[in-house]
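Participant: Provided herewith is a single structure, encoded as structure tokens, for subsequent inquiry.
The values are calculated or read from the model by the stated rules, or taken from the named source; none is laboratory data. It should be emphasised that the depicted structure is a prediction, and the values quoted were computed from it without experimental measurement. Reconstructed Cβ throughout: ideal geometry from the backbone, glycine too, with neighbour counts over all protein chains shown. In case anyone asks, the SASA skips ligands and DNA or RNA and just uses the protein heavy atoms, side chains included. Shrake-Rupley method; radii C 1.70, N 1.55, O 1.52, S 1.80 Å.
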Amino acid sequence: MLVPKGFGMKPRFLALALVIPVAGVLFAGTADAATTLGASAAEQGRYFGTAVAAYKLSDTTYANLLRTEFNSVTPENEMKWDATEPSQGTFSYGSADQIVNLAKSQGKKVRGHALAWHSQQPPWAQSLSGTALRNAMVNHVTQVATHYKGQIDSWDVVNEAFADGGSGARRDSNLQRTGNDWIEVAFRAARAADPAAKLCYNDYNTDGQNAKSNAVYAMVQDFKARGVPIDCVGFQSHFNAQSPLPADYQANLQRFANLGVDVQITELDIEGSGTAQANSYAAVVRACLAVTRCNGITVWGIRDSDSWRASGTPLLFDGSGNKKPAYTATLTALNGGTTPTTPPTTTPPTTTPPDPGAGCTASITLNQWNGGFVATVRVTAGSTALSGWTVGVTLPSGAAVTNTWNAQASGTSFSNVGYNGTVAAGGSTEFGFQGTGTGPSATPTCAAR
């Protein structure tokens with residue numbers, strides 16, 4: 001998955017062609033194939049997938065939309081290090097296996113996410129460093145990729161290893177401090193464990209050409225020149241009013257494809273509603289279809305209520321599972337048409353935070369699984385711009401914070417970092433934290449500084 005944004009193909013068409021007849025059965029016959037996202041993408045030699053949480057599969061609406069609309073799945077948290085190796089050398093695959101087995105039974109591809117990441121590491125890995133951590137990482141990559149050998153279409157081998165900002169530097173992390181070759185080592189271990197899976201590097205804030213995407217480009221160029229196994233680059237593509245779809249999005253995808261790797265849109269969500277949101281979704285689809293090696297799109301969740309950014313209503317179905325204007329525009333674009341100029345009658349729900357006057361408010365969105373959670377907190381300025389903020393969160397008994405991003409943490413009090421303290425009047429920013437136990441349910445407090 002991802003760190004909040006700013007506040008985000010090898011055309012094996014033979015394999016795809018083999019999947020299409022299965023999808024036709026699942027989607028109620030080939031005559032109706034072009035009326036679903038997955039089947040329409042398959043007709044273009046691509047996939048259209050979604051992130052899936054195992055604990056939501058018992059939700060009938062969720063399960064039906066997954067079954068009928070998508071031909072690829074990405075486990076949302078179930079394949080990450082903390083979920084698959086909670087104790088060193090002891091592996092747990094139950095929830096991830098549930099998703100993989102369901103996908104296989106429905107003829108869907110599986111994207112593995114993610115083998116090596118600085119976040120969502122189990123506590124025992126966070127306590128390691130140097131050679132001990134390097135060896136633990138290699139063993140983890142090897143064991144997990146081997147367990148799923150032959151079942152994964154693409155692996156996010158390394159996730160979010162580059163820093164934000166204009167430096168183009170690697171992110172400082174415990175993995176980076178094991179040596180600058182750690183990314184290469186992870187890719188080589190993954191290739192040895194599962195030679196058939198496509199191996200991807202995945203990151204956010206790389207959707208247009210900037211210092212961060214240039215640094216990733218240089219790494220991929222170097223890997224290809226030296227024979228380091230890399231097959232694809234994932235672009236998370238989390239968009240909102242503060243970070244909209246960049247004008248050079250398609251050109252950026254194309255320049256990576258020109259290096260000889262596939263490009264995949266891996267975690268798409270676009271905050272907004274109505275025609276503006278619909279137009280943005282359609283533009284993303286058209287950009288992917290225009291790049292031959294863009295072999296698939298994954299949205300990060302099914303319904304708005306399933307999203308880590310739920311208050312921004314960023315997905316294709318509303319909280320009740322109704323198709324939004326963005327859905328219609330996406331399907332039309334997949335079928336080679338244009339975005340409708342008049343939105344359908346179904347209007348997505350919106351959430352308007354109370355006016356905090358000159359202060360600020362905070363709202364929280366949870367991604368909860370058995371034994372852990374990721375919380376995304378949105379800080380919204382009132383009628384006066386913020387120059388700094390502090391948010392207080394109440395955790396249930398037994399819960400604990402293990403990781404924080406885009407904020408400084410002191411217990412359950414979080415304050416801005418240098419780049420997100422200034423928030424325009426009425427504007428917002430986001431930060432997040434990971435924890436063990438049950439996530440917070442009470443509304444956070446917010447104070448302007």
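Participant: Residue by residue, what Karplus-based ³J(HN,Hα) values in Hz, rounded to whole numbers, does segment 406-418 have, using 6.51, -1.76 and 1.60 with θ = phi - 60° and x for Gly and Pro?
Facilitator: Values, residue by residue: 6, 7, 9, 10, 9, x, 10, 10, 10, 10, 5, 9, x Hz.
Participant: Turning to a different aspect of this structure: For Ala358 and Ser410 in the same chain, what is the full-extension length gain: residue separation times 0.36 nm, less their Cα-Cα distance, in nm?
Facilitator: Gain in length upon complete extension: 16.2 nm.
Participant: Straight-line reach from Lys212: which lysines fall under 30 Å, measuring Cα to Cα and dropping same-chain residues less than 8 apart?
Facilitator: Reachable lysines: Lys5, Lys10, Lys80, Lys109, Lys198, Lys224.
Participant: Within the chain, what percent of beta bridges assigned by DSSP are antiparallel, to the nearest 5?
Facilitator: 50 percent
Participant: If you don't mind, another one. State in Å² the accessible area per residue of segment 211-261; use a 1.4 Å probe, count heavy atoms of protein chains only, and round to the nearest integer.
Facilitator: For segment 211-261, the per-residue accessible area is 36 Å².
Participant: Which sequence of Lys104, Lys80 reflects their accessible areas, 1.4 Å probe, from the largest down?
Facilitator: These residues rank, largest area first, as Lys104, Lys80.
Participant: Where a ≥ b ≥ c are the square roots of the eigenvalues of the C-alpha gyration tensor, would you call segment 229-268 rounded, which needs a/c under 1.5, or, failing that, prolate if a/b is larger than b/c, or oblate?
Facilitator: The shape class here is oblate.
Participant: Okay, moving on. From the phi of every residue in segment 190-202, what ³J(HN,Hα) in whole Hz does the Karplus formula 6.51 cos²θ - 1.76 cosθ + 1.60 yield, where θ is phi - 60° and glycine or proline is x?
Facilitator: 5, 4, 5, 6, 9, x, 8, 6, 6, 10, 10, 9, 10
Participant: Continuing with this model, one more query. Give me, ordered by chain and number, the residues 5 or more places off Phe70 or on other chains with an amide H under 5 Å from its own placed amide H.
Facilitator: Close amide H contacts, sequence-distant or interchain: Gly38.
Participant: Between Gln98 and Asp181, what length comes free when the chain is fully extended (0.36 nm per residue of separation minus the Cα-Cα distance, one decimal in nm)?
Facilitator: Contour length minus the Cα-Cα distance gives 26.5 nm.
Participant: A follow-up question, please. Within the accessible area of the chain, what % is carbon and sulfur when the probe is 1.4 Å and the other protein chains stay in place?
Facilitator: Of the solvent-accessible surface of the chain, carbon and sulfur hold 52 percent.
Participant: Further question: Quick one: if the Förster radius is 25 Å, what FRET efficiency do Ala225 and Asn135 give, using the C-beta to C-beta distance and rounding to 0.05?
Facilitator: Once the sixth-power term is evaluated, E becomes 0.35.
Participant: Taking the Cα centre of the chain as the origin, how large is its charge dipole in debye, to the nearest 20, when only Lys and Arg (+1) and Asp and Glu (-1) carry charge on their Cβ atoms?
Facilitator: Computed charge dipole of the chain: roughly 620 debye.
Participant: Out of residues 5 or more away from Thr298 or on other chains, whose amide H comes under 5 Å of its own, with H placed 1.01 Å from N in the peptide plane?
Facilitator: Sorted by chain and number, the residues that satisfy this are Gly49, Ile265, Thr266, Glu267, Leu268.
Participant: What list of ³J(HN,Hα) couplings, whole Hz, do you get for segment 48-61 from phi and the Karplus terms 6.51, -1.76, 1.60, once you set θ to phi - 60° and write x for glycine and proline?
Facilitator: Karplus values, whole Hz, x for Gly and Pro: 10, x, 8, 6, 10, 10, 4, 6, 8, 5, 7, 7, 4, 4.
Participant: Please compute the modelled spin-label separation between Gln242 and Thr445, points set 7 Å along Cα→Cβ, answer in nm with one decimal.
Facilitator: 2.3 nm
Participant: Provide the three semi-axes, in whole Å and in decreasing order, of the ellipsoid equivalent to the chain as defined by the square roots of 5 times the Cα gyration tensor eigenvalues.
Facilitator: After scaling each eigenvalue by five and taking roots: 30, 28, 21 Å.
Participant: Then there is this: If amide hydrogens are placed 1.01 Å from N in the peptide plane, which non-local residues have theirs closer than 5 Å to the one on Gly112?
Facilitator: Long-range HN contacts for Gly112: Asp153, Ser154, Trp155, Asp156.
Participant: Could you calculate the contour length gain from Ala424 to Ser127, that is, 0.36 nm times the residue separation minus the distance between their Cα atoms, to one decimal place in nm?
Facilitator: Answer, rounded to one decimal: 103.1 nm.
Participant: Just how far, in whole angstrom, is segment 207-265 from segment 76-129 if you go by their alpha carbon centroids?
Facilitator: 25 Å
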